[in-house]
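> First the structure, then my questions, so here it is.
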Amino acid sequence: MESKLPTTIDKHVGRRVKWRRSQLDMSQETLAEKLGVTFQQLQKYEGGANRISAGRLYDLAVALDTTIPYFFEGAQVASRILRGVAEESDGFDAGTDAEAAELLMAFRAIDDLAARKSVLAMARELARNSKRAAAKKPKKRGR
């Protein structure tokens, strides 16, 4: 029997719905109204908590003025990244690492080389600051 739980691809499609809606500067309420669903249902779609049926995906493509394949763009990259991170990390967190995959896809979409370098420099600096802060925290002792 097939699981009804959302898969990595379902979550990716939900993120792409949210991303496209944001690109169009459209509220959740507006998109939900176009689809004939509640904004809470749309939140579940975008968060990947609920799977999106084929018919609903078509409706989303029309409402967001895009194509159905748009929602799957980058899915293979995201899936490979998540598998790689899970294999390399004992502390794998699918929620956080899904954000990392989304960040990578957004980064790859930046055409301006100077902007890409700026984003990369900022990410490196934030990572260094985070490591410094973690190193300064006193370690908890077990009893």
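> So how much slack lies between residue 121 and residue 136, counting 0.36 nm per residue of separation and subtracting their Cα-Cα distance, in nm?
Value of the extension gain: 3.1 nm.
> How would you order 61-71, 108-118, 8-18 from highest to lowest mean count of nearby Cβ atoms within 10 Å?
Per-residue mean Cβ counts within 10 Å order the peptides as 8-18, 61-71, 108-118.
> Give me the Kirkwood hydrodynamic radius of segment 1-78 in Å, from all C-alpha pairs, to one decimal place?
Radius from the Kirkwood sum: 12.5 Å.
> Okay, moving on. Suppose R0 equals 25 Å; then what is the FRET efficiency for residue 49 and residue 27 from their Cβ-Cβ distance, rounded to the nearest 0.05?
It comes out at approximately 0.85.
The numbers here are math on the coordinates, done by the rules we state, and not lab data. All values reported here derive from a predicted model rather than from experimental measurement. Cβ coordinates were reconstructed from backbone atoms using ideal geometry, including for glycine residues, and neighbour counts include every protein chain displayed.
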